[in-house]
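Inspection log for the structure reproduced underneath, given as structure tokens.
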Ligand SMILES: *Cc1c(COP(=O)(O)O)cnc(C)c1O
């Protein structure tokens, strides 16, 4: 008996699904150094340009001077510092929820919330395009697990008819690989009609969406009644790291008691919480970042349509270009890179088979001129690919 890893890896390569990690040698930003090459990048999730913001860095430094560098223990032992606590209070106020609870990552927040709320005898219903962490959480929970058609409240309603036990409906707010947004009012209506709870993971909505960056729930004006379990992550528009769950006092107390990914892990560094508190302040108050980003999104969509690219139904900073074939998507990504532009090809199993795409993400840190450079590079690469590989 042995693990034939070499064969598995070879098969992965043959399917054009082999993953490699670009080596980043600079901070995040529009201009990065990757594998020794300077590139104009359109693939991070730093939508508001806060990941390398001087004031956020300074807050981190000051936090480290005050608190040291490590969390030192889990929250329930002695790792829950006043810095973490202050951030939780600020996030509760920001989301308009009674309380918020910090997690070390979004993956852990999702595993923690779902597994604490449902188990054997219960039901969890998920959008079929949900983020992997939500799907994993549903499977791990031991509850009856079912996926409804993408963003389809009627499909959800049918599954709700057959649900048993406590029922949790789970959806991304902004879908991370498509950029479209969940029809939260319709999903909330169906869930409420059946006494089910709606959990929304708005990892990509906090920051860019909502008048004050409060994400998709602010965009739709939904409160605790409609969305009892609200998840946000801090590694995207907040520019730092970690995640939170916001909701009622009973929800947060239950997570503290029962969410194993909350209990059995070291708290995030307190200095990181200090940095996030600063980035939250900037995210809320600097409206120009949202306005500039929205104008870049409009510029990109108009330009891409002129070139004849197939865009998706998205008004968010996630603007994928649908390609279909994985090999073709990888080839286009390589061609863009040889022109100094970095756009990631996203392939199965991250997205459904036959729907490989170039995932363009825009940030308030980009300039109009940089978006124009991207459009020029895309126009060249697509026309070269159309012309065929005669030069190969
Ligand atoms: C990125 C992401 C996560 C995971 O968050 P991390 O903090 O990076 O672990 C969870 N859900 C969605 C929808 C995401 O896009």
Subject >> strands (runs of 3 or more DSSP E) wholly inside the stretch 193-261 containing at least 1 residues that are within 13 Å of residue 174 (Cα to Cα) >> reply: 197-201, 229-233
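Yes/no matrix, rows are residues, columns are (1) at pLDDT 95 or above; (2) in contact with a helix residue (DSSP H, G or I) (Cβ under 7 Å, 6 or more places away or on another chain); (3) away from the ligand (no atom under 16 Å from the Cβ):
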| residue | (1), (2), (3) |
| --- | --- |
| 140 | yes, yes, no |
| 161 | yes, no, yes |
| 168 | yes, yes, no |
| 181 | yes, yes, no |
| 184 | yes, yes, no |
| 193 | yes, no, yes |
| 196 | yes, yes, yes |
| 200 | yes, yes, no |
| 212 | yes, yes, yes |
Original post:
Does the stretch 137-152 hold any residues that are under 16 Å from residue 186 (Cα atoms) and surrounded by fewer than 20 Cβ atoms within 10 Å (Cβ to Cβ), and which are they?
Top reply: 149, 150, 152
**OP:** May I ask you to say which residue of 253, 218, 305 is modelled with pLDDT of 95 or more, over 30 Å from residue 74 (Cα atoms), assigned by TED's automatic domain parsing to the domain that holds residue 116 and more than 16 Å from the ligand (Cβ to nearest atom)?
**Re:** 218
Original post:
Is it fair to say residue 245 is crowded, with 24+ Cβ neighbours inside 10 Å and assigned by TED's automatic domain parsing to the domain that holds residue 46?
Top reply: no
**OP:** Exactly one condition in (1) in contact with a strand residue (DSSP E or B) (Cβ under 9 Å, 6 or more places away or on another chain); (2) in a helix (DSSP H, G or I) is not met by residue 176; state its number.
**Re:** (2)
**OP:** Answer with yes or no whether residue 38 is in a loop (DSSP other than H, G, I, E, B), in contact (Cβ under 8 Å) with a residue 24 or more places away in the chain and touching a strand residue (DSSP E or B) at 6+ places or on another chain (Cβ under 8 Å).
**Re:** no
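The values are calculated or read from the model by the stated rules, or taken from the named source; none is laboratory data. Every value quoted in this text rests on a predicted model; they were computed, and no experiment measured them. Virtual Cβ from ideal backbone geometry, glycine too; neighbours counted across all protein chains shown.
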